[in-house]
1. Residue check: is Leu129 out of contact with any Cys (no Cβ under 9 Å at 6 or more places or on another chain) and either open to solvent by less than 40 Å² (accessible area, probe 1.4 Å) or among the hydroxyl-bearing types (Ser, Thr, Tyr) (or both)?
2. Answer yes or no as to whether Thr75 is open to solvent by 10 Å² or more (accessible area, probe 1.4 Å), polar (S, T, N, Q) and more than 14 Å from Ile97 (Cα to Cα).
3. Checking Gln136 against (1) outside any helix (DSSP H, G or I); (2) touching a helix residue (DSSP H, G or I) at 6+ places or on another chain (Cβ under 8 Å), only one condition comes out false. Which one?
4. Among the hydroxyl-bearing types (Ser, Thr, Tyr) and touching a helix residue (DSSP H, G or I) at 6+ places or on another chain (Cβ under 6 Å), is that true of Ser34?
5. What number of residues within region 85-124 are open to solvent by 70 Å² or more (accessible area, probe 1.4 Å) and among the hydroxyl-bearing types (Ser, Thr, Tyr)?
6. How about region 82-101: which of its residues are within 10 Å of the chain's Cα centre (by Cα) and at pLDDT 90 or above?
Amino acid sequence: MATKLAAQELFELSKSFHDLAAVIGDYRYAHWDSLTPAQRAELESKQWTLFNTSSDLNGKSVVLKARLLEEELQTLKGCTAAMQATGRKIADAKHLIAIAAKAVAFGETSYLAAITGDIKTMIAAAASLAQEINPQG
């Protein structure tokens with residue numbers, strides 16, 4: 001059965017992007033001396049991109065025009081939960097940068113899905129991000 005992403009689910013997704021951006025900032029400051037200037041700059045850039053994505057989703061400027069299958073909805077919910085639990089799962093700066101990069105890609109594909117109605121790329125990006133955060137499961 002196909003369904004649209006509910007307003008509360010969109011809000012939770014927005015909050016997840018915000019929470020992940022905050023985790024990146026906290027990590028960046030906590031590990032300032034062990035990060036290279038390039039790593040600090042990359043993390044800061046991705047942090048601001050994720051904050052902006054959160055703000056856009058929260059403002060509902062991105063509304064998915066496609067209907068989601070239950071499996072796709074569960075993938076998005078799983079990704080949302082993984083993003084909210086990221087702080088406990090960061091292995092090192094390289095891992096956090098990989099998570100941040102996949103989160104940015106997921107945010108970008110959300111806009112694509114909103115415009116085109118094609119959510120395949122967004123679901124793949126969500127699954128990739130969840131896998132990066134939880135490599136074992």
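The values are calculated or read from the model by the stated rules, or taken from the named source; none is laboratory data. Just so it is clear, the model here is predicted, and its values are computed rather than measured. Neighbour counts are summed over all protein chains in view; Cβ atoms, including those assigned to glycine, are modelled from backbone coordinates with ideal geometry. Just the protein is used for accessible areas: all its heavy atoms, side chains included, with ligands, DNA and RNA removed. Shrake-Rupley method; radii C 1.70, N 1.55, O 1.52, S 1.80 Å.
1. Criteria not met by Leu129.
2. The answer is yes for Thr75.
3. (2)
4. Here the answer is no, as Ser34 does not meet what is asked.
5. Qualifying residue count, region 85-124: 1.
6. Across region 82-101, the qualifying residues are Ala82, Met83, Ile99, Ala100, Ala101.
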